[in-house]
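The values are calculated or read from the model by the stated rules, or taken from the named source; none is laboratory data. Source: prediction; values computed, not measured. Backbone-built Cβ (ideal geometry, glycine too); neighbour counts: all protein chains shown. With ligands, DNA and RNA removed, areas are computed over all heavy atoms of the protein, side chains included. Shrake-Rupley method; radii C 1.70, N 1.55, O 1.52, S 1.80 Å.
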Amino acid sequence: MLNQQTMEIVKATAPVLKDHGVAITSHFYKRMFENNPEVRHFFNHTNQKRGRQPEALANAVYAAAVHIDRLEAILPAIQPALHKHKSLNIRPEHYPIVGENLLGAIQDVLGEAATPDIIDAWAKAYGVIADVFISLEKQMYDDAPWIGFKPFTVAEVIEDTPEVKRFRLVANDGVVGMAIPGQYISVQARIPGEDILHHRQYSVVETTEDGYWIAPKAEGLVSNWLHEQTIGTELPVSAPAGEFVLEDTDRPLTLVAGGIGITPLFNMAKTALKQGRSVTLLHAVRSTNLRPLGEELDELVNEGLQLITHVDDVSGCMSAVQLEALDVDGHDVYTCGPTAMMETVVQTIPHARYEFSVHRPSSPKHKKRRPRKQSPHYRRPVIGLRFFIVQSSQ
């Protein structure tokens, strides 16, 4: 436990971290990759180049400073990170590496302003935060069907659209853990010409008796590489993870997907229909030939799915008017797709659940809308806080 003096020092430095956070975290990643190159493969280097990870980590460090006297307040927000860590096999021995380089970055960037008392207080605070992560992750590892990565073999490949292929991955040892609808698996890729391993998370379209179906879109380093793989290719895969999952209720279900964002929602729709729930799915695609899982969705219509397909090339981008026309009072609502689309969904349907942090924009083009009446079962997701020590979608 942290004493009062330590917490006061950490909270007092929060404004400084807010002003210099990105500079600190950008230096942190550079420093860590130089000092500890063995951890480079855990991180998304595309997001590094675009500045996404330094910004996300800066926000997280600031949030931790603000809430250091009541860390339980950020527990709901760190669940995505815990699941990501599980999928990448982050272990207790990795946390001291992060801590040492983060403290060093704070000292390097702030210089004399980072007094010994401040560095000592942050060292103690980081230790407590790391212990929280390690403890919660241990519980997840204990419950997992396997730990780390094990070999799967590509057993079937289907060209779904010009951009999307479906792969059936079969466990070499025959041991498969059921993916809760909405969860993902991580695929480890050793790409020719790359000096590090790469990882990519793919939503499980369906769990089979011997493995999983995934449907990657050909974008990004790993997904493009995966599209080149054929039947018989062996791929290291981690156990299912993710907290964006279908809640076990009997309430009607409304799903809003954008493009390849259909992959986690398809599994939700299929499962809910088998449970006898009413399911409505609004799927927005760019054109009729770019409709991932189109045939499978049409088959679900025969099982009771109420399917609404929106085609941008015909009707323009999906609007809030279409969302407002959905009767979602008393429904569970889930959305997955491009960030701009999810922002519109969450603004229009405040109780919608979503997979990633969605920041509500303040630009004039996004008008403030009257919130809908919220379900008594609604639990507002935490927006804008992702305490990601690592983030690895490629």
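Within region 227-234, is even one residue touching a Leu at 6+ places or on another chain (Cβ under 9 Å) and crowded, with 22+ Cβ neighbours inside 10 Å? No, there is no match, as no residue in region 227-234 is touching a Leu at 6+ places or on another chain (Cβ under 9 Å) and crowded, with 22+ Cβ neighbours inside 10 Å.
Taking the criterion of being open to solvent by 10 Å² or more (accessible area, probe 1.4 Å), more than 16 Å from the chain's Cα centre (by Cα) and more than 13 Å from Leu293 (Cβ to Cβ), the residues of region 199-215 that qualify are Thr207, Thr208, Glu209, Asp210. Got at least one residue in region 157-175 being of a type in the set (Phe, Trp, Tyr), outside any strand (DSSP E or B) and either open to solvent by 30 Å² or more (accessible area, probe 1.4 Å) or in contact (Cβ under 8 Å) with a residue 12 or more places away in the chain (or both)? No, because not a single residue in region 157-175 is of a type in the set (Phe, Trp, Tyr), outside any strand (DSSP E or B) and either open to solvent by 30 Å² or more (accessible area, probe 1.4 Å) or in contact (Cβ under 8 Å) with a residue 12 or more places away in the chain (or both).
Considering Pro76, Pro96, Pro92, the condition of being out of contact with any helix residue (DSSP H, G or I) (no Cβ under 9 Å at 6 or more places or on another chain) and either without any contact (Cβ under 8 Å) to a residue 12 or more places away in the chain or open to solvent by 10 Å² or more (accessible area, probe 1.4 Å) (or both) is satisfied by Pro76 alone. From the list Lys86, Lys18, Lys30, the one residue that fits, being of a type in the set (Lys, Arg) and within 28 Å of Ile147 (Cβ to Cβ), is Lys86. Residues in region 102-127 that are open to solvent by less than 40 Å² (accessible area, probe 1.4 Å) and in contact (Cβ under 8 Å) with a residue 60 or more places away in the chain: Leu102, Gly104, Ala105, Ile106, Leu110, Ile118, Ala121, Trp122, Ala125.
Of all the residues in region 77-122, those that are on the phi > 0 side of the Ramachandran plot and touching a strand residue (DSSP E or B) at 6+ places or on another chain (Cβ under 7 Å) number 1. If the condition is being within 18 Å of Ala340 (Cα to Cα) and crowded, with 23+ Cβ neighbours inside 10 Å, then region 266-283 contributes only His283.
When you scan region 225-256, how many residues do you find that are assigned to a strand (DSSP E or B) and either β-branched (Val, Ile, Thr) or touching a Ser or Thr at 6+ places or on another chain (Cβ under 8 Å) (or both)? Number satisfying all stated conditions: 9. For region 128-147, residues that are more than 16 Å from Lys11 (Cβ to Cβ) and open to solvent by less than 40 Å² (accessible area, probe 1.4 Å) total 7. The sole residue among Thr280, Thr249, Thr230 that is in contact (Cβ under 8 Å) with a residue 60 or more places away in the chain and within 29 Å of Gly330 (Cβ to Cβ) is Thr249.
Listed by position, the helices (runs of 4 or more DSSP H) contained in region 1-84 that have at least 1 residues being in contact with a Leu (Cβ under 6 Å, 6 or more places away or on another chain) are 14-35, 52-66. Hey, does region 42-56 have a residue that's modelled with pLDDT of 90 or more, within 19 Å of the chain's Cα centre (by Cα), farther than 15 Å from Thr13 by Cβ and open to solvent by less than 40 Å² (accessible area, probe 1.4 Å)? No, region 42-56 contains no residue that is modelled with pLDDT of 90 or more, within 19 Å of the chain's Cα centre (by Cα), farther than 15 Å from Thr13 by Cβ and open to solvent by less than 40 Å² (accessible area, probe 1.4 Å).
Taking region 178-198 as the range and being open to solvent by less than 40 Å² (accessible area, probe 1.4 Å), over 14 Å from Leu235 (Cβ atoms) and either basic (Lys, Arg) or modelled with pLDDT of 95 or more (or both) as the test, the residues that pass are Ala179, Pro181, Gly182, Gln183, Tyr184.
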